[in-house]
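For reference, the structure is listed below as structure tokens.
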Amino acid sequence: MSDKFLTGPSPHILGGKSISSIMWDVVIALIPVSLVSVLYFGLHAFILLITSLVSAMVIEGVFMAIRHKGFKHAGVIFDGSAAVTGLLIALIMPPTAPMWLVVIANAVAILLAKQAYGGIGNNIFNPALVARAFVFMAWPVIMTAWSNPLGLGNWFADLTTGATPLGGAEASLLEMFLGNTGGCLGETSALAISIGGLYLLLKGHIDWRIPVGFIGAAALFAFFSSQFSLYDVAFNLLAGGLLFGAVFMATDMVTSPTTKIGRLIFGIGCGLITMFVRKFASAPEGVTYAILFMNALVPLIDRYTVPKTFGEVKVS
Amino acid sequence: MKKFPGGIHPKYNKELTAGKPIVDMPLPKTVRLLLTQHLGPPCSPVVAPGDKVAVGQKIADTDAFVAAPIIASVAGEVTAVDAEGIDIVADQANSGFTGQGKIYASPAELRQLIREAGIVGMGGATFPTHVKLTPPEGKSVSTLILNGAECEPFLTTDHRLMVEQGQELVLGIKLLMEACGAKTAIIGIEANKPDAIANITDLTREFDNISVVSVPVRYPQGGERQLIKTLTGREVPVGGLPLDLGIVVSNVATAVAVHQAVSLGRPLIDRVVTVSGRGIAEPKNVRVRLGTPIAELIDFCGGLTADAIKVINGGPMMGKAVADLNSPVTKGTSGILAFTEKEAREYEERTCIRCASCVDACPQKLLPNYLALYSRKVKLDLAEQFHLFNCIECGCCSYVCPSRIPIVKYIQTAKNKIKRRRRK
């Protein structure tokens with residue numbers, strides 16, 4: 001019999017979820033889009049994915065080592081959150097992005113957008129999108145240099161300059177669904193994004209309200225602004241980063257609302273702003289700014305959508 | 001059937017004791033009867049060291065309404081009386097109980113009998129039963145809900161009582177209905193206890209006004225407010241009581257105790273305790289005299305295993321860790337659990353990642369993430385604005401939290417701070 005017993009608080013049993021189990025599940029959910037990006041953009045995509053993943057983890061590790069003067073806390077780089085940020089950043093880069101740019105993007109994400117706020121859980125803005133907004137402004141030419149997908153099997157060929165569907169490239173809806181068009185590495189294949197999204201839904205790591213609000217609002221906006229063209233609806237959903245943003249970016253737990261109604265409002269806001277930018281602003285794509293804008297509103301959304309608690313009823 | 005919001009599905013682990021009949025534990029050498037075994041102010045002793053007491057004799061009481069007297073659970077000599085409790089050395093020869101059924105002329109007298117027997121809610125909340133059964137001025141009770149959900153993992157005491165003492169339970173229900181004026185009774189039992197459901201259904205077949213309902217298995221189904229929602233579709237108003245809906249909820253063990261107190265004249269001197277967990281050598285359901293040292297009860301179940309690291313009084317979700325194994329079994333002790341290092345593993349608390357798992361799991365539709373945040377930062381006004389006092393401390397939020405934040409602990413601390421501030 002032990003002399004000393006633990007006296008921790010109730011509950012005395014805990015569920016199986018941990019930060020790292022969630023984060024590594026997100027990494028698993030990103031495998032289909034990563035595979036498709038390598039399938040269509042070959043070695044370029046592969047190198048960018050690895051560079052980004054490794055640099056995110058290394059930068060976070062170095063930061064933790066410096067901040068805590070030793071390697072005691074550097075182990076958090078294996079909690080998967082840096083890995084998620086690294087993968088996400090690669091997946092929102094154009095295929096021709098140079099490796100140094102990806103490393104800079106990761107440094108911005110980890111140091112400026114995450115650790116400067118106090119690390120995991122404390123950041124207001126989605127780190128990967130802050131990084132994208134930063135490098136997009138600093139190197140607009142590189143960030144808008146699009147390429148045609150390589151033919152299947154030509155994985156070691158050079159990329160040729162092309163356009164994205166939003167930039168006027170000719171692509172059938174089927175090609176856009178499969179991912180055989182120009183665009184950022186992870187955003188082209190609606191199919192692969194859906195597989196990853198379904199996995200996260202089944203695991204309970206994302207709430208349907210955000211992607212459904214996002215995609216639904218964008219679809220309705222497209223439907224009415226195009227005078228009821230279903231093609232326009234399908235095109236707007238499949239083109240650009242809308243699906244990728246709705247499934248993997250807007251659903252980031254840290255930077256989205258915690259109330260159920262709040263999540264729906266957040267998703268709808270993202271969808272409307274994205275379409276507003278696409279239709280009325282001079283930029284062809286608006287997903288990044290839509291989500292960042294809505295990130296800023298999250299505390300307010302939470303505050304004004306506090307649900308009625310159980311028993312807040314009128315007694316008749 | 002309605003669903004209450006949120007809830008979780010922890011591993012129930014009831015198979016350790018669910019099939020084991022209740023066994024009587026031999027009398028302990030000494031008992032220690034605490035003066036507060038109910039929700040409410042403590043009782044004052046009416047005996048002194050050196051007094052001889054008979055089993056069933058009242059040894060502490062109070063004038064407060066929300067309280068129940070303390071009854072000697074054994075015959076013997078009082079050896080010590082202190083601020084917390086009364087010690088009695090048991091007289092092994094004379095501690096068997098014999099008594100006679102009581103006679104009463106009105107519901108009020110019946111409630112008085114229940115009070116004098118020292119009966120409180122035995123599901124763990126220990127709210128004095130006679131108080132619960134007394135409808136306030138101008139209100140009446142229509143329905144008695146009998147809580148046979150037993151949703152806490154590991155615990156099987158109510159389950160065994162429903163299987164083994166169903167007849168006494170039904171008699172107890174009839175007494176409870178009489179005492180509060182309820183016209184109908186509904187017995188809610190979680191679907192994972194088919195033998196209990198079958199037995200009680202059988203025994204109540206002849207009564208049109210008593211029904212048995214199999215309720216879905218989901219923690220905290222046995223929470224009073226959650227069970228009412230499931231069975232009636234109605235929500236108990238915030239800050240109110242089931243009585244506001246004309247409902248009284250009572251637990252299985254309590255109903256059996258009421259029957260024994262009234263029909264047999266046997267006050268609350270013992271209770272059934274599930275002794276379980278992988279840190280217990282031989283898990284059992286044990287009928288034990290109140291005041292028995294937990295250590296003796298554990299010894300009766302083969303003792304602790306070598307790797308036992310945590311002992312819990314109650315269920316794993318809402319029970320309290322026991323620091324001192326000499327502390328006694330009380331009226332609210334539904335279980336004594338011993339966990340091994342593996343089961344009771346403690347984790348480092350990390351930052352909230354706003355995953356909202358707690359929001360989705362909360363059966364009271366609260367925002368536990370903000371309650372924990374404001375409680376920890378001692379922003380008590382904000383915590384109250386987020387309905388701090390509507391939290392039932394069921395533990396669902398802490399259970400699902402991936403950052404292992406002890407949300408319930410923070411909430412309890414904040415509640416205590418506010419209560420202390422109000423008292424000043």
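In the structure displayed, which of B:229/B:310; B:2/B:365; B:342/B:409; B:2/B:193; A:17/A:72; B:11/B:342 lie more than 25 Å apart, Cα to Cα?
B:229/B:310
If the label point is 7 Å along Cα→Cβ of residue B:351, which residues in the range A:103-125 have backbone nitrogen under 14 Å from it?
Residues A:109-125 qualify, since their backbone N sits under 14 Å from the label point.
Mind jotting down the distance between the C-alpha centroids of the range A:244-284 and the range A:5-31, whole Å?
27 Å
Give the accessible area for residue B:307 in Å² (nearest 10); use a 1.4 Å probe, count only protein heavy atoms, and leave out ligands, DNA and RNA.
Probe radius 1.4 Å; accessible area of residue B:307 about 70 Å².
Taking every eigenvalue of the Cα gyration tensor of chain B, multiplying by 5 and rooting it, what semi-axes result, largest first, whole Å?
32, 27, 23
Evaluate peptide B:395-406: per residue, the Cβ atoms of other protein chains within 10 Å of its Cβ; return the mean as an integer.
5
Over the residues of the range B:357-423, compute the C-alpha Rg and express it relative to 2.2 N^0.38 Å.
Against the empirical 2.2 N^0.38 Å value, I get 1.00 for the range B:357-423.
Considering chain A, what Rg and Dmax in Å follow from its alpha-carbon atoms?
20.7, 77
For A:208, A:24, what's the largest-to-smallest order of accessible area, 1.4 Å probe?
From most exposed to least exposed: A:208, A:24.
Show that you can apply the helix-only estimate: for chain B, add -39,500 (n - 2.57) for every DSSP H stretch of four or more residues, divide by all residues, and state [θ] at 222 nm to the nearest 500.
Calculated mean residue ellipticity at 222 nm is -8000 deg cm²/dmol.
Quantify how strongly other chains surround peptide B:362-370 by giving the mean number of their Cβ atoms within 10 Å of each of its Cβ atoms.
Neighbouring Cβ atoms belonging to other protein chains average 4 per residue here.
Given the peptides A:54-67, B:87-100, arrange them by the average over their residues of other C-beta atoms within 10 Å, most packed first.
Top to bottom by mean Cβ count within 10 Å: A:54-67, B:87-100.
Given H placed on each backbone N at 1.01 Å, which residues far from residue B:212 in sequence or on other chains put an amide H within less than 5 Å of it?
B:187
According to a simple spin-label model (label point 7 Å from Cα along Cα-to-Cβ), what is the distance in nm between residue A:308 and residue B:100?
So the two model labels end up 5.6 nm from each other.
Between residue A:99 and residue A:144, take the C-beta separation as r, use R0 = 22 Å, and let me know the FRET efficiency to the nearest 0.05.
Working from the Cβ atoms, E equals 0.75.
From the C-alpha coordinates alone, can you work out the Kirkwood hydrodynamic radius of the range B:95-253, in Å?
16.0 Å
Whole-Hz ³J(HN,Hα) for each residue in the range A:184-190, computed from phi via Karplus 6.51 cos²θ - 1.76 cosθ + 1.60 with θ = phi - 60°, x for glycine and proline: what do you get?
So the J values, rounded to whole Hz, are 5, 3, x, 8, 6, 9, 5.
Using the Cα centre of the range A:174-316 as origin and beta-carbon charges of +1 (Lys, Arg) and -1 (Asp, Glu), tell me which of A:188, A:248, A:284 is placed farthest towards the positive end of the dipole.
Of A:188, A:248, A:284, it is A:248.
What is the percent carbon and sulfur in the accessible area of the range B:270-340, measuring with a 1.4 Å probe over the protein chains and ignoring ligands?
Accessible surface attributable to carbon and sulfur in the range B:270-340 totals 50 percent.
Could you look at the range B:27-94 and say what percent of its accessible area is carbon and sulfur, using a 1.4 Å probe and all protein chains?
The value for the range B:27-94 is 57 percent carbon and sulfur by accessible area.
Tell me the total accessible area that A and B bury against each other, 1.4 angstrom probe, in square angstrom rounded to 100.
4600 Å²
Order the peptides A:148-158, B:374-384, A:182-192 from the highest to the lowest mean number of other Cβ atoms within 10 Å of their residues.
Going by the mean number of other Cβ atoms within 10 Å, highest first, we get A:182-192, B:374-384, A:148-158.
Tell me the accessible surface of residue A:44 in square angstrom (1.4 angstrom probe, heavy atoms of protein chains only), to the nearest ten.
60 Å²
Lysines near residue B:29 by alpha-carbon distance under 24 Å, same-chain residues fewer than 8 away left out - which ones?
B:52, B:58, B:284, B:331
Work out from phi, with θ = phi - 60° and the Karplus expression 6.51 cos²θ - 1.76 cosθ + 1.60, the ³J(HN,Hα) of each residue of the range A:166-181, listed in order in whole Hz, and give x for Gly and Pro.
Each residue's phi maps through the Karplus curve to give 5, x, x, 5, 7, 8, 6, 4, 5, 4, 5, 5, 7, x, 8, 9 Hz.
For a quick check of your reading of the filter: which trypsin sites (Lys or Arg not before Pro) in the range B:274-366 sit in a DSSP loop and have no more than 12 other Cβ atoms within 10 Å?
Filter output for the range B:274-366: B:342.
Rg and Dmax of the protein assembly as shown over Cα atoms: what are they, in angstrom?
31.3, 100
Sort B:38, B:387 by accessible area with a 1.4 Å probe, largest first.
B:387, B:38
With only alpha-carbon atoms in the gyration tensor, what are the semi-axes of the equivalent ellipsoid for the range B:162-212, in Å, largest first?
The answer is 19, 11, 10 Å, longest axis first.
Mind checking Rg over Rh on the range B:1-148, alpha carbons, Kirkwood formula for Rh?
Ratio value, two decimals: 1.04.
At 20 °C and a viscosity of 1.002 mPa s, what translational diffusion coefficient does Stokes-Einstein give for the range B:270-340, taking Rh as the Kirkwood radius over Cα pairs? Give it in µm²/s as a whole number.
Rounded, D is 187 µm²/s.
On average, how many beta carbons from a partner chain sit within 10 Å of the beta carbon of a residue in B:341-347?
3
Can you return the aspartates and glutamates within cross-link range of residue A:260? Criterion is Cα-Cα under 12 Å, with same-chain partners fewer than 8 residues away left out.
Partners found: A:207, A:302, B:360.
The values are calculated or read from the model by the stated rules, or taken from the named source; none is laboratory data. Because the structure is a prediction, the values reported are computed rather than measured. All Cβ positions, even for glycine, are placed from backbone atoms using ideal geometry, and neighbour counts span all protein chains on display. Side chains are part of the model used for accessible areas, which takes the heavy atoms of the whole protein and leaves out ligands, DNA and RNA. Shrake-Rupley method; radii C 1.70, N 1.55, O 1.52, S 1.80 Å.
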